[in-house]
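Written below as structure tokens is the structure these notes are about.
The values are calculated or read from the model by the stated rules, or taken from the named source; none is laboratory data. Everything quoted here is computed from the prediction, not taken from an experiment. FYI the Cβ positions are ideal-geometry reconstructions off the backbone, even for glycines, and counts take in every protein chain you see. All accessible areas refer to the heavy atoms of the entire protein, side chains included, with ligands and DNA or RNA removed. Shrake-Rupley method; radii C 1.70, N 1.55, O 1.52, S 1.80 Å.
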2 protein chains.
Amino acid sequence: MNQSKTPPHIPTQARTRIQRRNHSAILNAALDVFSAKGFRGATVDEIAQAAGLSKPNLLYYFPSKEAIHLQLLSGLLDVWLAPLRDLDPEGDPIPEILTYVRRKLQMSREMPRESRIFANEILQGGTHLGDTLTTALKPLVDEKAAVVARWRDTGRIADVHPYHLIFSIWSLTQHYADFDVQVRTVLGDEGADPYPEAERYLETLFTRMLTP
Amino acid sequence: MNQSKTPPHIPTQARTRIQRRNHSAILNAALDVFSAKGFRGATVDEIAQAAGLSKPNLLYYFPSKEAIHLQLLSGLLDVWLAPLRDLDPEGDPIPEILTYVRRKLQMSREMPRESRIFANEILQGGTHLGDTLTTALKPLVDEKAAVVARWRDTGRIADVHPYHLIFSIWSLTQHYADFDVQVRTVLGDEGADPYPEAERYLETLFTRMLTP
DNA sequence: CGTGTTCCTGACCATTTGGTCAAACATTCA
DNA sequence: TGAATGTTTGACCAAATGGTCAGGAACACG
């Protein structure tokens, strides 16, 4: 009957200092573990360890493993789509698109865990995302594809399919994060950082593709 | 002490009719389940059900879940690399590369399960593949990258980084299998088959990229 | 100090899951 | 037909895992 012990499950804005610290420690640890092992392969205990907490203690902050995963995913999509959101319809088409490519590649390099977690989720059918894809992703892509279509129809870029252009940017940039092992293996261990070459390659690719 | 009941674990060439049937039924079922749920997410029981067998019966044909996964993976790599293997150094460079792209895209469409299982494996760090990547994949890529480099150095194709060209072909073609859900969601449910458009797009992309 | 709240833990539980085994059932073939 | 060989299964096990809970420790604050 007592209404005590209300666990601070997902308080959005954590109240106490300890809450804030542990909350973010958990999310960060979960990012590590989920991105390395996938949702099923990750164990609550491992996440707790990585966050420096005991399993029950972690469950004190989040109601379930799935809740952690979910909060991670939803928090991610915004960050992930920011570069596309910033594509400026008033800007110079080709530089605008090249900037988008560059920013996306940069995110791949600096946030590979996020990229992998997302890839994993989509690979598995996006079941955890619910209708987020249709409500958040699709409208934005529709909007920006329309921008690209306008650029194309006014002859400012070469003839391209707007949606597939966007798909190609996604796939090419995220490839370096998601398939990191493969890339590094093929390039040999000597060639440490593939990103500078990748950036040059993608710049050339899209310049040649888009120049009228 | 009796040496009886030697289970026909991985007999490579199954002997009896039943063995052949069940063996391939298991592998096919495993392809379904592993590609849909990943290695950790897949359960032996589910694979057995999908193959029309009981779990112990499945374990009669394969010593472990991992063994099934492994046999699947190793059998896959050969098929997967065939198009690259067929890249002909004596052929016409641009048509040769376009053919490679087309075949790779076709495989994406016709074997999405295989593509996803592979993606999943690489995403997780390729731990199950052991050194297969360095012994089987790298040498082939090295060889074909050299071919591309020769074409480039003799001016038969435009200036490109051979390895990143190959990476871009992989990522662009497999994107349609691995991120199928995303692609379909963004394109809307009406536009059923994205592949014809994709093929046209990729043809244009690489033609513009490679024409000297 | 004392009291209420927040934080943390050891012990525990139910379920899932990979895998085993003895015995039953089927098939083959002499 | 019958014995050897091959196939299938129900019952079972041990380990892993997500999650609970009662109570103790730390902290905030009057």
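Summary of values
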{"item": "Apportionment of accessible area to carbon and sulfur, the protein assembly as shown, percent (1.4 Å)", "result": "51 percent"}
{"item": "Charge dipole magnitude, Cβ of K and R +1, D and E -1 - region B:126-212, Cα centre, debye nearest 20", "result": "460 debye"}
{"item": "Fraction in percent of alpha-carbon pairs per bin - 20 Å, the protein assembly as shown", "result": "23, 52, 22, 2, 0"}
{"item": "GluC sites (Glu not before Pro) within region A:64-143: DSSP coil, no more than 12 neighbouring Cβ in 10 Å", "result": "A:90"}
{"item": "Relative contact order, percent, chain A [alpha-carbon distance under 8 Å, six or more residues apart]", "result": "21 percent"}
{"item": "Three-way shape label, region B:73-210, alpha-carbon gyration tensor, a/c 1.5", "result": "oblate"}
{"item": "Among B:119, B:177, B:149: highest mean-square fluctuation, GNM of chain B, C-alpha pairs under 10 Å", "result": "B:149"}
{"item": "Solvent-accessible area per residue, Å², over chain A with all protein chains present [probe radius 1.4 Å]", "result": "46 Å²"}
{"item": "Environment charge at residue A:159 (Cβ cut-off 15 Å; Lys +1, Arg +1, Asp -1, Glu -1)", "result": "+3"}
{"item": "Solvent-accessible area lost in complex, 30 Å² minimum, residues of region B:139-173 relative to chain alone, 1.4 Å", "result": "B:161, B:164, B:167, B:168, B:170, B:171, B:172"}
{"item": "Residues along region B:188-212 losing 30 Å² or more of accessible surface when the other protein chains are present rather than the chain by itself (probe 1.4 Å)", "result": "B:197, B:201, B:205, B:208, B:209"}
{"item": "19 Å Cα-Cα threshold exceeded, pairs from A:37/A:65; A:138/B:37; A:65/B:37; A:37/B:37; A:37/B:65; A:65/B:65", "result": "A:138/B:37; A:65/B:65"}
{"item": "Cross-link reach list, lysines versus residue B:144, counting only Cα pairs under 28 Å and skipping chain neighbours closer than eight places", "result": "B:104"}
{"item": "Backbone N within region A:144-188 under 14 Å of label point (7 Å from residue B:103 Cα along the Cβ vector)", "result": "none"}
{"item": "Minimum 50 Å² accessible area buried by the other protein chains, region B:92-134 residues, probe 1.4 Å, relative to alone", "result": "B:122, B:123, B:124"}
{"item": "Cα centroid separation - region B:17-53 against region A:65-111, whole Å", "result": "38 Å"}
{"item": "Dipole magnitude of the protein assembly as shown about its Cα centre (Cβ charges: Lys, Arg +1; Asp, Glu -1), debye to nearest 20", "result": "1460 debye"}
{"item": "Chains B and A, summed buried accessible surface - 1.4 Å probe, Å², nearest 100", "result": "4800 Å²"}
{"item": "Net dipole in debye of region A:17-63 [+1 Lys, Arg Cβ; -1 Asp, Glu Cβ; about Cα centre; nearest 20]", "result": "160 debye"}
